[in-house]
Amino acid sequence: MSDSPITCTLDLGQPGKRSGHLRLPRSSNQSGWSTQWIPVTCVANGEGPTALVLGGVHGDEPEGQIAALNLARELSPEQVSGRVIVIPCLSLEASRAYTRLWPSGANLNRSFPGRPNGPPEEQLAHFLSTALFPLADVVVDIHSGGRTGLCLPWSEMHWVDDPTQRHELVEGMLAWNTDWCCVYIDIAGTGLLVGEAERQGKIVVSTELGGGGHVTASIHRLARSGLANVLRRFGVLEGEIETRETLGLPPQALLMATDSDNYLLAPVSGLFEAVADLGQRVREGELVGRIHSLELPELEPDEIVARNDGVVCVIRAIATTEQGDNVVVVAREADRSELD
Ligand SMILES: [Zn+2]
């Protein structure tokens, strides 16, 4: 922590409720000597685990930012056993611009574990990796498909080899009480926030709560209720733990998107037409989308077909598509026992 250029104005070891900032050095054309202030709220009370709740890693995913803002505002120390540290929005400038990436083009979620002397996004990643993750037992990182992708709302986890840690990740994933749960791989490189937290042995809970540039009221409710239930499940927030059963709901459907074939990429640039709907069951070889050429209207569109039997769980939300963009994800339906 000592080699980080970032400072935290809060003493995270103090009991009670406090709000402050992470201060990230910046220099801009408007101000040569400046710092970006990233709000952080800490609510601590007695013995218990520490949960770190993070929203807004990507700026165009308001679901988690709003759920975390509500939590930070409403949470009081009497409700907490242990400590809840909330950073509602890590990528402030991206959120203001309503873009996935920072205005600089940086993707905070490709920057972990970061470097203290790297660019700003790596400095922030390094501070999280070295100063905040070590304090946490549970790391909650709330995502959605953002403007470009529409996901079935789900909670998710990476496959990790350690069975004890994996069991905790499964428990956290189920505690969100989404209709769908997804085990996934990262097809777009390395440097994920959750990957570094997992590497440090943390219980990591993450989501993809819809997306497509529009958030419904039911998604906001799911973000809020799921987050609270995860905190209850790990003993840091007071109250009865809700299960699918106590909510009168059937068990979650488990999806595995752990094979690169699950992720269907555009073979050419053009205008994407979805042929299958979100949540639809499809067979291997079934048509799920088409890419039309704007330049050559007489050309038959390129067909996107499923490479496995499964459920359409992600659909590209904007039609304009470049070659190599992911347009559809078809996840395999799996049984809970596969995660044991
Ligand atoms: Zn995201």
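What follows is calculated from the coordinates using simple rules that are stated; it is not laboratory data. Small disclaimer: the values here were computed from a predicted structure and weren't measured. Note that we place each Cβ from the backbone using ideal geometry, even for glycine, and neighbour counts take in every protein chain shown.
Observations on the structure shown:
- Note on the range 214-244: residues that are surrounded by fewer than 17 Cβ atoms within 10 Å (Cβ to Cβ), under 19 Å from residue 154 (Cβ atoms) and not polar (S, T, N, Q) amount to 4.
- Odd one out for residue 70 among (1) out of contact with any helix residue (DSSP H, G or I) (no Cβ under 9 Å at 6 or more places or on another chain); (2) surrounded by fewer than 18 Cβ atoms within 10 Å (Cβ to Cβ): (1)
- Close Cβ contacts (under 7 Å, 6 or more residues apart or on different chains) running from residues in the range 134-159 that are of a type in the set (Phe, Trp, Tyr) to residues that are within 15 Å of the ligand (Cβ to nearest atom) comprise 154/182; 154/207; 154/208.
- Scanning the range 277-295 for any residue that is assigned to a loop (DSSP other than H, G, I, E, B), out of contact with any strand residue (DSSP E or B) (no Cβ under 8 Å at 6 or more places or on another chain), within 26 Å of residue 143 (Cβ to Cβ) and not aromatic (Phe, Trp, Tyr) turns up nothing.
- Options 208, 196; residue that is crowded, with 16+ Cβ neighbours inside 10 Å, touching a Cys at 6+ places or on another chain (Cβ under 7 Å) and not aromatic (Phe, Trp, Tyr): 208
- Residues satisfying the stated conditions in the range 154-174, i.e. under 23 Å from residue 58 (Cβ atoms) and of a type outside the set (Phe, Trp, Tyr): 155, 156, 157, 158, 160, 169, 172, 173
- A search for C-beta distances below 6 Å between a residue of the range 202-214 that is within 17 Å of residue 151 (Cα to Cα) and in a loop (DSSP other than H, G, I, E, B) and any residue that is of a type in the set (Val, Ile, Thr) and more than 12 Å from the ligand (Cβ to nearest atom), counting only pairs 6+ apart in sequence or on different chains, returns 209/219; 210/219.
- Verdict on residue 246 being in a loop (DSSP other than H, G, I, E, B), polar (S, T, N, Q) and in contact with a helix residue (DSSP H, G or I) (Cβ under 8 Å, 6 or more places away or on another chain): no
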